[in-house]
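Reading through the structure tokens given below for one structure.
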Amino acid sequence: MQQADTSGSVGIVSPKTLYSAKPVTLANGRVLPEVTLVYETYGTLNEHHSNAVLICHALSGNHHAAGYHHPDDTKPGWWDNYIGPGKPIDTNRFFVVCMNNIGGCDGSTGPTSINPETGKPYGPDFPMVRVRDWVSTQHLLMEALEIPSWAAVIGGSLGGMQAMRWCVDFPDKIRNCVVIASATKLTAQNIAFNEIARSAITSDPDFHDGRYLEHGTSPRNGLAIARMIGHVTYLSGTAMGMKFGRDLRSGTFEVGTDKQVEFQVESYLRYQGESFSGRFDANTYILMTKALDYFDLARDFNDDASKALAATNSHFLIVSFTSDWRFSPDRSKEIVDALVRANKSVSYAEVEADNGHDAFLISIERYQTLFAAYMNRITI
Amino acid sequence: MRIDLDVVKGLIKPGARVLDLGCGDGSLLEELTRTKQIQGYGLEIDPDKITRCIAKGVNVIEQDLDTGLGHFDNKSFDAVVMSQTLQAVNYPDILLEEMLRVGKECLISFPNFGHWKCRLQISLEGKMPVSNFMPYTWYNTPNIHFCTIDDFEGLCRERSINILERFVLGSNNIDKHLKNINANLFAETAIYHLSK
């Protein structure tokens, strides 16, 4: 028997591309004449193609979920804590697929892509996509990879919404559904935060109604502010207190000086905002937050989530984090209640964590253990 | 498996929808799923036990029983089970009513504080009872609402709860012989099959 890899890392990985010349009709009726889907895979697809796992990314994520692109990369993929040999999503067992969603800005067809009908970037003309459009394009990739059913579809936050949508739209093609720090729909407070972020972007003079690429600019300040707002809501007050407290980066409170002080938390947020605005597209941010706002699993089912889930055939694992106030444990419990009401197989864990919504990305012992226990039970 | 669980297992009908309050490591639900094809859910609060349930493939929901069962529909379970947990909750009477609201039937077991050994420890030694069955001292025990068989039956009468069946268990030879004559004195554990 081959020795199992316990190094923990999938190592150096390269993105792959699927191009489809077949038009894709979106939920809003608009048609994309062609789509490019960028994705990564880790592990090996087994003989019966029964060990494939789909990872759905959240708002600012992409297809690079694990490993490194270059040996000198300082950071691995966004969910490297949970994907790899010997990790909860164990690449010794599973063939893991993660795709950049359409509307994204990391290679899959999105606002920065060239519109074949005009020869110019789509920009703000890129159609609004919904979570179900991401699922239907993930399904295109599934068919191209000749995967008859996913052993599991897994996602945190907005990714969890995609995982639930998979169960509803393709009930016979998903055997396990793992929904982490997510909700069947956003609350008014949550939509409000998204709207503040969008307003920061659209009020940037460099936004040009979304046609900034044609003007050779980018609304970097607006995007940075959007990210700063988002970032604060993804952390908990406790986490920020522990990480920064009232520590100063520069200046002094001494009486008799008029030197400005800068708190550590200010410089940290500014850095987060600047680095994000350097790598992310503003139209994508608007589109992704809109998709979040629109999502409502129960809308087509008389606002009854248990009816929405009635025809699903998967086993479910739902996880939330105690200090997450953006997607609070109560939202996860709503999913659990709907599943119990629909008589579905479901387990739920509320993990004690100070990290707020970001906890779903962070290595937390209990979360690691229970996630691994669930994944190990999956038959492939 | 504890002997009271054997009794509980016998009372669950095949194919039933079962809710197990304080399900521990999920052994009962696992066995009932295997032998009686039930659809079961366990509620548990201990992280390690929750992981053990998940590892067994038992549906487990992390929940503090003291937060109630308000999110479950009326009569949405064929049976609600609570084994050796009644004495550890904040409001046993409310939880009992809730169990009977969400379940068509309830199966409940608890240690009998009226057992003669408990009585002897309090009356002769003047100390809170400690036994194999109740191994905690007064300050660290999770068991905060002990009751006797007579106390429990009094509550059932007061709340018009129907006792469909009662089973009493003893571990030593004296108890085994005398438990049916005076359950409140000689039973270590009581199991009730209830409805409302």
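Residues A:Glu47, A:Glu40: which one is modelled with pLDDT of 95 or more, open to solvent by 50 Å² or more (accessible area, probe 1.4 Å) and not polar (S, T, N, Q)?
A:Glu47 is the lone residue from the list that is modelled with pLDDT of 95 or more, open to solvent by 50 Å² or more (accessible area, probe 1.4 Å) and not polar (S, T, N, Q).
Each row is one residue, and each column tells you yes or no for (1) of a type in the set (Val, Ile, Thr); (2) open to solvent by 10 Å² or more (accessible area, probe 1.4 Å).
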{"site": "A:Asp80", "(1), (2)": "no, yes"}
{"site": "A:Cys105", "(1), (2)": "no, yes"}
{"site": "A:Gly110", "(1), (2)": "no, no"}
{"site": "A:Pro116", "(1), (2)": "no, yes"}
{"site": "A:His139", "(1), (2)": "no, yes"}
{"site": "A:Val153", "(1), (2)": "yes, no"}
{"site": "A:Gly159", "(1), (2)": "no, no"}
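When the residues of the range B:185-196 are filtered to those that are within 20 Å of B:Arg159 (Cα to Cα) and crowded, with 16+ Cβ neighbours inside 10 Å, which remaining residue is farthest from the chain's Cα centre (by Cα)?
Ranking the candidates gives B:Lys196 first.
If you take the residues in the range B:142-164 that are charged (D, E, K, R) and in contact (Cβ under 8 Å) with a residue 12 or more places away in the chain, which one is least open to solvent (accessible area, probe 1.4 Å)? Spell out the reasoning first.
First, pick out the residues of the range B:142-164 that are charged (D, E, K, R): B:150-151, B:153, B:157-159.
Within this subset, residues satisfying the condition of being in contact (Cβ under 8 Å) with a residue 12 or more places away in the chain are B:150-151, B:159.
Working: B:Asp150: 89, B:Asp151: 89, B:Arg159: 62 Å².
The residue in question is B:Arg159.
Taking B:Asp64, is it within 16 Å of the chain's Cα centre (by Cα) and within 14 Å of another protein chain (Cβ to nearest Cβ)? Show your work before the answer.
Working: within 16 Å of the chain's Cα centre (by Cα): yes; within 14 Å of another protein chain (Cβ to nearest Cβ): yes.
Taking the combined requirement at face value, the residue satisfies it.
Of all residues in the range B:51-71, count the ones that are surrounded by 17 or more Cβ atoms within 10 Å (Cβ to Cβ), assigned to a loop (DSSP other than H, G, I, E, B) and in contact with a Lys or Arg (Cβ under 8 Å, 6 or more places away or on another chain).
Adding up the residues that qualify gives 2.
Considering only residues that are touching an Asp or Glu at 6+ places or on another chain (Cβ under 9 Å) and among the charged types (D, E, K, R), which ones fall in the range A:310-330?
A:Asp324
Does the range A:10-26 hold any residues that are surrounded by fewer than 17 Cβ atoms within 10 Å (Cβ to Cβ) and farther than 22 Å from A:Ile114 by Cβ, and which are they?
The answer is A:Gly11, A:Ile12, A:Ser14.
Taking the range A:310-369, which residues are within 23 Å of A:Phe295 (Cα to Cα) and of a type in the set (Phe, Trp, Tyr)?
A:Phe316, A:Phe321, A:Trp325, A:Phe327, A:Tyr348, A:Phe360
Somewhere in the range A:229-238, is a residue touching a strand residue (DSSP E or B) at 6+ places or on another chain (Cβ under 8 Å) and buried (at least 17 other Cβ atoms within 10 Å of the Cβ)?
Initial filter on the range A:229-238 (touching a strand residue (DSSP E or B) at 6+ places or on another chain (Cβ under 8 Å)): none.
Checked the range A:229-238: no residue is touching a strand residue (DSSP E or B) at 6+ places or on another chain (Cβ under 8 Å) and buried (at least 17 other Cβ atoms within 10 Å of the Cβ).
Considering only residues of the range A:314-338 that are touching a strand residue (DSSP E or B) at 6+ places or on another chain (Cβ under 8 Å) and in a loop (DSSP other than H, G, I, E, B), which is nearest to the other protein chains (Cβ to nearest Cβ)?
Across the range A:314-338, the extreme among qualifying residues is A:Thr322.
Identify, please: which residue in the range A:339-366 is facing another protein chain (nearest Cβ under 10 Å) and in a helix (DSSP H, G or I) and is, among those, nearest to A:Cys167 (Cα to Cα)?
Top of the filtered list is A:Leu339.
From the list B:Asp78, B:Asp48, B:Asp25, exactly one residue is assigned to a strand (DSSP E or B), within 13 Å of chain A (Cβ to nearest Cβ) and at pLDDT 95 or above. Which is it?
So the residue among B:Asp78, B:Asp48, B:Asp25 that is assigned to a strand (DSSP E or B), within 13 Å of chain A (Cβ to nearest Cβ) and at pLDDT 95 or above is B:Asp78.
Would you tally the residues in the range A:105-126 being out of contact with any strand residue (DSSP E or B) (no Cβ under 8 Å at 6 or more places or on another chain) and within 16 Å of A:Glu40 (Cα to Cα)?
Summing the residues that are out of contact with any strand residue (DSSP E or B) (no Cβ under 8 Å at 6 or more places or on another chain) and within 16 Å of A:Glu40 (Cα to Cα) in the range A:105-126 gives 1.
Is there a residue being open to solvent by 70 Å² or more (accessible area, probe 1.4 Å) and without any contact (Cβ under 8 Å) to a residue 40 or more places away in the chain anywhere in the range A:314-332? Don't jump to the end; show me each part of the working.
If we filter the range A:314-332 for residues that are open to solvent by 70 Å² or more (accessible area, probe 1.4 Å), which is where we start, we get A:315, A:325, A:330.
Then keep just the ones that are without any contact (Cβ under 8 Å) to a residue 40 or more places away in the chain; that gives A:330.
Scanning the range A:314-332, I find at least one residue that is open to solvent by 70 Å² or more (accessible area, probe 1.4 Å) and without any contact (Cβ under 8 Å) to a residue 40 or more places away in the chain, so the answer is yes.
How about the range A:261-303: which of its residues are more than 30 Å from A:Phe170 (Cα to Cα), among the hydrophobic types (A, V, I, L, M, F, W, C) and open to solvent by less than 20 Å² (accessible area, probe 1.4 Å)?
A:Phe276, A:Phe280, A:Ala282, listed by residue number.
Can you pull out every residue in the range A:23-60 that is polar (S, T, N, Q) and farther than 30 Å from A:Tyr234 by Cβ?
Across the range A:23-60, the qualifying residues are A:Thr25, A:Thr44, A:Asn46, A:Ser50, A:Asn51.
Report, by residue number, each residue of the range A:138-177 that is closer than 18 Å to A:Asn62 by Cα and in a strand (DSSP E or B).
Hits for the range A:138-177 are A:Val153, A:Ile154, A:Gly155, A:Gly156.
What is the number of the single condition among (1) within 24 Å of B:Lys196 (Cβ to Cβ); (2) open to solvent by 10 Å² or more (accessible area, probe 1.4 Å); (3) among the hydrophobic types (A, V, I, L, M, F, W, C) that B:Val80 does not meet?
Going through (1) within 24 Å of B:Lys196 (Cβ to Cβ); (2) open to solvent by 10 Å² or more (accessible area, probe 1.4 Å); (3) among the hydrophobic types (A, V, I, L, M, F, W, C) one by one, B:Val80 breaks only (2).
Check off (1) more than 24 Å from B:Lys9 (Cβ to Cβ); (2) open to solvent by 70 Å² or more (accessible area, probe 1.4 Å); (3) over 18 Å from the mean Cα position of the chain (by Cα) for B:Gln121 and give me the number that stays unchecked.
Result: B:Gln121 passes all but (2).
The values are calculated or read from the model by the stated rules, or taken from the named source; none is laboratory data. As the structure is a prediction and not an experimental result, all values here were calculated from the model. Glycine also receives a Cβ, built like all others from the backbone with ideal geometry; neighbour counts cover every protein chain displayed. Quick note on the areas: whole protein, heavy atoms, side chains included, nothing else; ligands and nucleic acids left out. Shrake-Rupley method; radii C 1.70, N 1.55, O 1.52, S 1.80 Å.
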